Amino acid sequence: MILTCCIYVTVLKKLIALLFVSVSAPAMAHLTWIDAGEQSLGLSTGHNFPAKEITVKGEYVESITCRAHNGEVFRLTFNENSIRYVYKERPANCLAILKTSLIELSPHQGAQHFDENKVDKTLVNKVLKSEKFSEEYFKAAQIKPVEKDGDLYNADMAQFITLPGDNSTIYVYKNGQPLVNLPVGLEYPETPVTLWSKTDSNGKVSLLLQPKGKALLRTLITEEKGNAYKSQFLSVILNGQ
């Protein structure tokens, strides 16, 4: 009787855990950021920045590349159970890339996910009319914008960048070219809603609010891939003065 009870409790706990994951995953799927401390770095995922709900384990991380204040570039090492990645001293910047994932949702859920990230309405409507929604995506997070053609610049992926000689203006580039008319969202702790704007013809980001403290700038870059979609989530930490 006791054994049966224990088995029942164990199964119930697993079902509750699975229910939590299945309900929470779509809402938290695309809001991830770097949590950089003085001695170690982590990747946090949550529904509302900066309130983290999950710490991303090493098994989901493709790579973390950092640049020290002296210009040295190094990779952070981790294992499957890691949730923090240790360094000698806090780096000047880091680029974290998570492994590619595949999510499958109902057309309604997929359309809601795209709509929440301000993906083009044409694609939102197309998803609603489809039989299923499938998206292949990966996440990239930066401590701060990287300099174009600098040590952490990767032309093959989308990045928040600055141009040489100008650290005050942020752009979004991919394949060496600016991403035009791209919706970007500002997650500001003191503001209960995401503040959305779009990049201009040069890929320049215009902020609707200049953060006085730490904030998160994020975007979702999506393209059609046959009957599915291929996306990249991108975020960068902003520190107001």
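What accessible area per residue comes out for the chain, rounded to a whole number of Å², with a 1.4 Å probe?
Accessible surface, normalised per residue, equals 56 Å².
To make sure I understand the rule: partners must be aspartates and glutamates, Cα under 15 Å from the Cα of Lys132, and not fewer than 8 residues away in the same chain. Which ones qualify?
Excluding near neighbours in sequence, the set is Glu104, Glu224.
Kirkwood hydrodynamic radius (Cα pairs, Å) of segment 98-204?
One decimal place: 15.6 Å for the Kirkwood radius.
In whole Hz, what ³J(HN,Hα) sequence does segment 47-57 give by Karplus (6.51, -1.76, 1.60; θ = phi - 60°), x for Gly and Pro?
7, 9, 5, x, 7, 6, 10, 9, 9, 6, 7
Using each residue's phi in segment 216-226, evaluate 6.51 cos²θ - 1.76 cosθ + 1.60 at θ = phi - 60° and report the 3J(HN,Hα) Karplus result to the nearest Hz, with x for Gly and Pro.
So the Karplus estimates, Gly and Pro as x, are 10, 9, 9, 7, 10, 9, 10, 9, 6, 9, x Hz.
Taking all protein chains in place and a 1.4 Å probe, what share, in percent, of the accessible surface of segment 136-185 do carbon and sulfur account for?
Carbon plus sulfur share of accessible area: 41 percent.
Divide by every residue of the chain the summed helix terms, -39500 (n - 2.57) for each DSSP H run of at least 4, and state the resulting mean residue ellipticity at 222 nm, rounded to the nearest 500 deg cm²/dmol.
Computed ellipticity for the chain at 222 nm equals -6000 deg cm²/dmol.
Of the options Leu179, Leu220, Val56, report the single residue whose Cα projects farthest towards the positive end of the charge dipole of the chain (beta-carbon charges: Lys, Arg +1; Asp, Glu -1).
Val56
What does the charge count near Phe138 come to, summing +1 for each Lys or Arg and -1 for each Asp or Glu among other residues with Cβ under 15 Å from its Cβ?
0
The values are calculated or read from the model by the stated rules, or taken from the named source; none is laboratory data. For clarity, every value in this text was computed on a predicted model and none was experimentally measured. Cβ atoms come from the backbone with ideal geometry, glycine included; neighbour counts cover every protein chain shown. With ligands, DNA and RNA removed, areas are computed over all heavy atoms of the protein, side chains included. Shrake-Rupley method; radii C 1.70, N 1.55, O 1.52, S 1.80 Å.
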